[in-house]
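Novice: Below is a structure I'd like to ask you about.
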Amino acid sequence: MTGDPAQTRPDLPAQTGAGPRMRPRDRRVVQAIALATLLPALLTVHWLDETRDVRSNLKPEEKVTTVPRGAAGELAGARWQVVDRRTTAPLLRPASGAPPGSAEVAEVRVTLAVVAKDAAAAKAVGAYGIVYRLRDGDGRAWAATGLGTGAARPGVPVRITVRGTVPRAKADLLVLEVRPPAYSRPKGPLPSLRFAP
């Protein structure tokens, strides 16, 4: 074939597939719709996963046991009982230039008798990380510290004095909450005891 080279066309590759090809503009529209549909779904899945992690790690579920006045409760393999509760003036007086109302606080002292059942429970009773709090009925909590009279031993009662500074008006209404260290608990809800005032 001798002819004009401008008149000749190279052979086009044969198209494979069932239908015609999608134009680039149409393809971009379909991709944008798919992205707009999948992006919220992916963000929702990510948010739900993060929420589950936060709930399980930062704020574990609690299993609260309310202990009536004069009764004993079981926690961390030990028997806990309130033997004395007093409300006194705090050891530190407000400074002379303290704001008004700062003298309206009281110190709540709760003495607990704790009897560990075995060596593991004795170790848990004396462990670092036991949390003591004083709570009111509205969910507000005040930190408290516990100081034991000696090392806990199986079957031998040990006294722990818990002290916390709280508003004087609420001192007689607060419940004492005791929680074991979060790192020593098995999977599941975090146990705690709440002693009635």
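Novice: Ranked by accessible surface with a 1.4 Å probe, highest first, in what order do E61, E177, E50, E104 come?
Specialist: Accessible-area ranking of E61, E177, E50, E104, largest first: E61, E104, E50, E177.
Novice: Further question on the same structure: Counting only heavy atoms of protein chains, what accessible area per residue, in Å², does region 106-197 have with a probe of 1.4 Å?
Specialist: That works out to 52 Å² for each residue.
Novice: Taking amide H positions as placed in the peptide plane 1.01 Å from N, state which residues far from L75 in sequence (5 or more) or on other chains have amide H under 5 Å from it.
Specialist: W80
Novice: Amide H neighbours of R153 under 5 Å, counting only residues 5+ apart in sequence or on other chains, H built in-plane at 1.01 Å?
Specialist: Sorted by chain and number, the residues that satisfy this are A116.
Novice: Hey, which of these cross-link pairs are over 23 Å Cα-Cα: K63/K170; K63/K117; K63/K187?
Specialist: Beyond 23 Å between Cα atoms: K63/K170.
Novice: What ranking, highest mean first, results for peptides 161-174, 117-130 when packing means the other Cβ atoms within 10 Å averaged over each residue?
Specialist: Put in order of decreasing packing, that is 161-174, 117-130.
Novice: Where in region 134-152 does the label zone of T87 land, with the point 7 angstrom along Cα→C-beta and an amide N cut-off under 19 Å?
Specialist: 134-145, by backbone N distance to the label point.
Novice: Whose amide H sits under 5 Å from the amide H of V131, counting only residues 5 or more places off or on another chain, with H placed in the peptide plane?
Specialist: Distant-sequence amide H within range of V131: R179.
Novice: Which ³J(HN,Hα) values, rounded to whole Hz and listed in residue order, are derived for region 125-135 from phi using the Karplus coefficients 6.51, -1.76 and 1.60 in 6.51 cos²θ - 1.76 cosθ + 1.60 with θ = phi - 60°, glycine and proline given as x?
Specialist: With coefficients 6.51, -1.76 and 1.60, one gets 5, x, 6, 6, x, 5, 9, 10, 9, 10, 10 Hz.
Novice: Additional query: Show me the ranking of peptides 133-143, 29-39, 105-115 by mean Cβ neighbours inside 10 Å, starting with the highest.
Specialist: Going by the mean number of other Cβ atoms within 10 Å, highest first, we get 105-115, 133-143, 29-39.
Novice: If the only charges are +1 at each Lys and Arg Cβ and -1 at each Asp and Glu Cβ, what is the size of the charge dipole of region 104-197 around the Cα centre, to the nearest 20 debye?
Specialist: 300
The values are calculated or read from the model by the stated rules, or taken from the named source; none is laboratory data. Since we're looking at a predicted model, the values are computed, not measured. Glycine gets a Cβ as well: all are built from the backbone with ideal geometry, and neighbour counts include every protein chain shown. The protein model used for the area step is the full one, side chains on, heavy atoms only, and it has no ligands, DNA or RNA in it. Shrake-Rupley method; radii C 1.70, N 1.55, O 1.52, S 1.80 Å.
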